[in-house]
Amino acid sequence: MARKRWNELSPTAKGAIIGVAAVDAGLRVWAVSDLASRSKEEVNGPKIAWSTGLAVVNSAGILPLVYLLRGRRPRLGAGPEAVAG
């Protein structure tokens, strides 16, 4: 199957591509800023691996979601007693 050029795509396909790219960009910014604000003890796995993956891997939002759901540990000192203070 031959690849289509951008101008050969339907408006629906263009909108879907732009939408997925926007969601990916937003999730990536959120994940990278969250990663930067955490200590190494608050991250599952090496921070350098997460930051490299988030910067390099094009995953349509999947890798940032994996980080946000599974790559983080609870913040240190953020237990219920810390909030009640």
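Listed by first and then second residue, the pairs linking a residue in the range 7-19 that is within 17 Å of Gly61 (Cα to Cα) to a residue that is outside any helix (DSSP H, G or I), with Cβ atoms under 8 Å apart and 6 or more places separating them unless they lie on different chains, are Ile17/Leu9. Open to solvent by 40 Å² or more (accessible area, probe 1.4 Å) and free of Cβ contacts under 8 Å to residues at least 40 places away in the same chain: which single residue out of Val32, Val43 fits that description? None of the others qualify; the one that does is Val32. Considering every residue within the range 50-71, establish whether at least one is touching a residue at least 12 places away in the same chain (Cβ under 8 Å) and in contact with an Asp or Glu (Cβ under 6 Å, 6 or more places away or on another chain). Yes - at least one qualifying residue is present in the range 50-71.
Filtering the range 1-29 to residues that are over 22 Å from Leu65 (Cβ atoms) and open to solvent by less than 60 Å² (accessible area, probe 1.4 Å) leaves Leu9, Ser10, Ala13, Lys14. Restricting to the range 37-49, count the residues that are within 13 Å of Arg75 (Cα to Cα) and either in contact with a helix residue (DSSP H, G or I) (Cβ under 9 Å, 6 or more places away or on another chain) or not charged (D, E, K, R) (or both). Within the range 37-49, residues that are within 13 Å of Arg75 (Cα to Cα) and either in contact with a helix residue (DSSP H, G or I) (Cβ under 9 Å, 6 or more places away or on another chain) or not charged (D, E, K, R) (or both) number 6. Scanning the range 59-73 for residues that are charged (D, E, K, R) and open to solvent by 80 Å² or more (accessible area, probe 1.4 Å) gives Arg70, Arg73.
Evaluated against (1) over 9 Å from the mean Cα position of the chain (by Cα); (2) modelled with pLDDT of 90 or more, Arg28 falls short on exactly one condition, (1).
The values are calculated or read from the model by the stated rules, or taken from the named source; none is laboratory data. These numbers were taken from a predicted model, which means no experiment stands behind them. Quick reminder, even Gly has a Cβ in these numbers, built from the backbone with ideal geometry, and neighbours come from all protein chains shown. In case anyone asks, the SASA skips ligands and DNA or RNA and just uses the protein heavy atoms, side chains included. Shrake-Rupley method; radii C 1.70, N 1.55, O 1.52, S 1.80 Å.
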